[in-house]
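Here is the structure we will look at.
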Amino acid sequence: MQFCYFHLMPYTGSAETVQDWPVANKIFDPEKGRELYNTYLDNMVSAEELGFDWVGCNEHHMSPFGMMANPNIIGASIIQRTKDIKIAMVGALVPLLNPIRIAEEYAMLDVLSGGRLIAGLLRGIPHEYVAYNMPPSESHARLSEAIDLIVKCWTEPEPFGWEGEFYQYRAISIWPRPIQKPHPRILMSGSNEASAIHAAEKHAMLGIVSAPTMPRTKELIDLYKKTAREHGWKPTKDDILIGMTCSVADDFETAKQQLSDGRAFFARVLGGGLRTAQQLVMHKTRYFDDTARGKFVDASKQAKISVDDLLDAGNVLCGTPEMVVEQIKKQHAILGHGVTNINMKVGDIPNEAISYGMKLFSEQVLPEVRGL
Amino acid sequence: MAFEQKTAVLPAGEVTYHVAGDGAPLLYLHGGGGVVMTKPLTRLAESRRVYIPVTPGFEGTSALDGVANVQDLAGLWAAFVDTVMDEDKTDVMGFSFGGLVAAWMAAKHPNKVDQLVLAAPGGFTPKGATKLSDDPKKRLAQMYRHPENLPDGKAPADRMARSREAMARYRPNFDRDEDLVARLGDIEALTLVLLGTEDGVTPAEVGHLLRREMQHVHFVYVYDAAHALEIDQPDRVGLILTDFLERGEGFLVNWGSEPAEAAPATR
């Protein structure tokens with residue numbers, strides 16, 4: 001089992017409750033932001049020494065819940081301070097962006113890192129479409145065409161042009177080319193049926209970081225595997241990434257309280273604008289088809305789920321190191337995945353607690369679950 | 001713009017051709033399935049004079065003695081440019097089998113060819129790289145990504161069978177034309193190579209080869225198109241054809257929203 005240390009880089013410099021979208025940046029204190037960026041970077045870099053296999057960056061816009069508007073900038077900074085840990089972009093929100101630019105920047109990261117990039121090519125969560133004024137109904141089609149174009153950018157031996165539905169480029173030859181052959185591994189999100197199928201069709205890794213229940217996650221994994229077989233390939237466990245929030249402490253009550261407080265802060269402070277925009281996109285556009293919309297647990301519903309609910313559902317890692325070991329084993333027994341994405345910085349959980357939790361995870365959890 | 005069918009007498013014999021439109025000339029060499037009046041062609045005929053000669057032996061016409069291979073065909077159409085089109089030189093576009101003939105025209109009769117478009121050209125596929133399936137359903141998928149765009153939604157089986165017989169005269173096998181490959185570097189015409197991203201007949205290696213070996217060439221993928229790219233993506237193909245034929249190398253540059261006529265003459 002491999003483990004990705006993932007960080008959202010939330011802005012915790014204000015406790016103001018905001019429901020508007022976008023969240024007004026007048027509450028952002030740049031000096032505080034600077035302090036947070038550097039603390040978070042130190043934390044993410046420490047993942048290598050602590051034995052994590054990947055470190056994960058992500059892209060979010062116009063909200064305090066994530067300060068990584070461009071994950072590649074953070075990824076580049078981490079590359080300079082690490083040697084072996086994989087740099088997972090989880091990842092570029094492809095339909096919002098220029099695919100040539102994604103191909104170029106990812107190639108830069110791959111070359112700079114000596115071939116350590118995991119290339120997340122994601123559709124994005126609903127509210128991001130408001131941020132970048134992209135039609136949510138085009139998200140799947142844009143993602144599909146862009147991925148094909150990005151792979152061509154990485155692999156074509158001669159300059160070429162592209163005449164597509166959404167993208168038209170008459171002459172392309174990106175500099176640099178990536179180190180990894182044929183190209184960096186692609187990771188796609190698969191939190192609903194259409195996305196799971198899409199990931200299989202593109203021979204990509206499947207990432208599920210926000211599925212509501214274990215049975216639902218298993219359902220999506222099975223669909224991914226079935227679709228892959230129909231397209232002539234067989235995913236291994238290392239092609240499947242499951243995301244978990246994780247709170248590890250010396251005792252269960254501390255771990256649980258920490259996580260509860262962090263989730264409460266997220267719901268109250270960080271997630272207001274997200275919920276507003278998410279509702280708009282979900283109910284006023286065709287970002288989801290009817291099936292996916294019916295099964296999606298939006299941010300409003302997620303805010304009402306308690307840590308106890310998550311523990312009962314087996315959908316969280318929370319407790320002492322021994323408890324977390326058992327939770328990971330149980331999840332693996334059900335899902336058969338090969339990569340677990342660990343998100344410890346939930347809301348405003350103190351950074352010292354995060355560092356201590358990482359230490360406990362490194363010393364007492366990793367050795368027990370590596371072999372899964 | 002409706003095409004008119006005519007006949008003409010060339011030194012090698014009588015040929016049938018279709019013609020429509022007014023303006024700068026374009027010679028279009030059809031594929032191995034015969035003449036298909038695609039949307040890009042009818043659109044081009046709104047601003048150009050488009051000639052589509054019928055390869056002797058196709059569409060019920062007679063084969064001509066002395067025109068027995070693709071190089072002979074190239075010579076036949078060079079004479080067509082002189083005699084019928086009454087032009088010193090013309091833009092030439094060839095699809096599939098027609099692309100092979102067009103490339104030979106550019107190689108052997110360079111003074112007749114202005115700009116060249118090779119759409120999914122035949123004759124360059126490495127041996128064994130692809131093979132048209134014997135299964136009709138699989139063959140349809142190799143040829144068409146959007147067969148619903150075909151008239152009546154299907155390729156007429158009898159037309160394809162007759163065409164295969166006719167093409168066997170000029171291409172008894174589908175090996176790569178090594179003589180032409182050896183001469184690719186001699187072709188001086190500014191060339192646009194188009195390939196569908198889902199082409200099940202002409203592999204991407206053909207685009208790579210032409211891009212590598214030709215002097216003045218641009219290679220463009222047409223997304224979500226199989227071999228019959230004019231049928232699968234008529235708007236996309238029409239747009240890039242018009243832009244390339246109108247602006248030459250200037251087609252690389254996004255002209256923006258102003259009318260194309262306002263673009264500086266780049267040819």
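The values are calculated or read from the model by the stated rules, or taken from the named source; none is laboratory data. Predicted model only: the values in this text are computed from it and were never measured. Positions of Cβ are generated from backbone atoms using ideal geometry, with glycine treated the same way; all protein chains shown enter the neighbour counts.
Would you confirm, using the coordinates I've provided, whether B:Lys137 is surrounded by fewer than 19 Cβ atoms within 10 Å (Cβ to Cβ) and outside any helix (DSSP H, G or I)? So B:Lys137 does not fit the description; no. Inside the range A:315-337, residues that are free of Cβ contacts under 8 Å to residues at least 12 places away in the same chain and either buried (at least 21 other Cβ atoms within 10 Å of the Cβ) or among the aliphatic types (A, V, I, L, M) (or both) make up a count of 1.
Among the residues of the range A:120-152, just one is of a type in the set (Asp, Glu) and in contact with a strand residue (DSSP E or B) (Cβ under 7 Å, 6 or more places away or on another chain), namely A:Glu128.
Does B:Leu190 count as under 17 Å from the mean Cα position of the chain (by Cα), at the interface with chain A (Cβ under 10 Å from one of its Cβ atoms) and modelled with pLDDT of 95 or more? Answer is no for this residue. Would you call A:Pro235 more than 14 Å from every other protein chain (Cβ to nearest Cβ) and either modelled with pLDDT under 95 or in a loop (DSSP other than H, G, I, E, B) (or both)? Yes: the conditions hold for A:Pro235. Any idea how many residues of the range B:202-225 are more than 10 Å from chain A (Cβ to nearest Cβ), surrounded by 23 or more Cβ atoms within 10 Å (Cβ to Cβ) and not polar (S, T, N, Q)? Adding up the residues that qualify gives 2. Of all the listed residues (B:Val206, B:Val193, B:Val181), the sole one being assigned to a helix (DSSP H, G or I) and touching a strand residue (DSSP E or B) at 6+ places or on another chain (Cβ under 9 Å) is B:Val206.
Scanning the range B:238-264 for residues that are more than 12 Å from every other protein chain (Cβ to nearest Cβ) and part of a loop (DSSP other than H, G, I, E, B) yields a total of 6. Of all residues in the range A:14-58, those satisfying the criterion of being closer than 24 Å to A:Val130 by Cβ, assigned to a loop (DSSP other than H, G, I, E, B) and in contact with a helix residue (DSSP H, G or I) (Cβ under 8 Å, 6 or more places away or on another chain) are A:Ser14, A:Glu16, A:Thr17, A:Val18, A:Gln19, A:Asp20, A:Trp21, A:Pro22, A:Val23, A:Asn58. Looking only at residues in the range B:226-237 that are more than 9 Å from chain A (Cβ to nearest Cβ) and part of a loop (DSSP other than H, G, I, E, B), the one that is farthest from A:Glu158 (Cα to Cα) is B:Ala228. Of (1) part of a loop (DSSP other than H, G, I, E, B); (2) touching a strand residue (DSSP E or B) at 6+ places or on another chain (Cβ under 6 Å), B:Gln215 satisfies all except one. Which? Among (1) part of a loop (DSSP other than H, G, I, E, B); (2) touching a strand residue (DSSP E or B) at 6+ places or on another chain (Cβ under 6 Å), B:Gln215 violates only (2).
In the range B:238-257, the residues that are within 16 Å of B:Glu46 (Cβ to Cβ) reach residues that are aromatic (Phe, Trp, Tyr) and at pLDDT 90 or above with C-beta atoms within less than 6 angstrom, at least six apart or across chains, in these pairs: B:Asp243/B:Phe251. Restricting the range A:152-168 to residues that are crowded, with 19+ Cβ neighbours inside 10 Å and more than 8 Å from chain B (Cβ to nearest Cβ), the residue that is nearest to B:Val217 (Cα to Cα) is A:Cys153.
Of the residues contained in the range B:96-103, one or more are found to be modelled with pLDDT of 90 or more and either aromatic (Phe, Trp, Tyr) or in contact with a His (Cβ under 6 Å, 6 or more places away or on another chain) (or both).
A quick yes/no check of all residues on (1) crowded, with 22+ Cβ neighbours inside 10 Å; (2) at pLDDT 80 or above; (3) not β-branched (Val, Ile, Thr):
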| site | (1), (2), (3) |
| --- | --- |
| A:Lys256 | no, yes, yes |
| A:Ser260 | no, yes, yes |
| A:Arg263 | yes, yes, yes |
| A:Phe266 | yes, yes, yes |
| A:Thr276 | no, yes, no |
| A:Tyr287 | yes, no, yes |
| A:Ala292 | no, no, yes |
| A:Asp298 | no, no, yes |
| A:Lys301 | no, no, yes |
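Can you pull out every residue in the range A:72-101 that is charged (D, E, K, R) and assigned to a helix (DSSP H, G or I)? A:Arg81, A:Arg101 - these are the residues of the range A:72-101 that are charged (D, E, K, R) and assigned to a helix (DSSP H, G or I).
Sort out which residues of the range A:119-151 are within 20 Å of A:Met108 (Cβ to Cβ) and within 14 Å of chain B (Cβ to nearest Cβ), and write them in order of number.
Applying the first criterion (within 20 Å of A:Met108 (Cβ to Cβ)) to the range A:119-151 yields A:119-122, A:146-147, A:149-151.
Those that are within 20 Å of A:Met108 (Cβ to Cβ) and within 14 Å of chain B (Cβ to nearest Cβ): A:Ala146, A:Ile147, A:Leu149, A:Ile150, A:Val151.
Filter the range A:17-67 down to the residues that are on the phi > 0 side of the Ramachandran plot and in contact with a Pro (Cβ under 8 Å, 6 or more places away or on another chain) and list them by number. Hit for the range A:17-67 is A:Met62, nothing else.
Answer yes or no as to whether A:His60 is of a type outside the set (A, V, I, L, M) and either more than 14 Å from the chain's Cα centre (by Cα) or within 21 Å of A:Ala194 (Cα to Cα) (or both).
On the way: of a type outside the set (A, V, I, L, M): yes; either more than 14 Å from the chain's Cα centre (by Cα) or within 21 Å of A:Ala194 (Cα to Cα) (or both): no.
So A:His60 does not fit the description; no.
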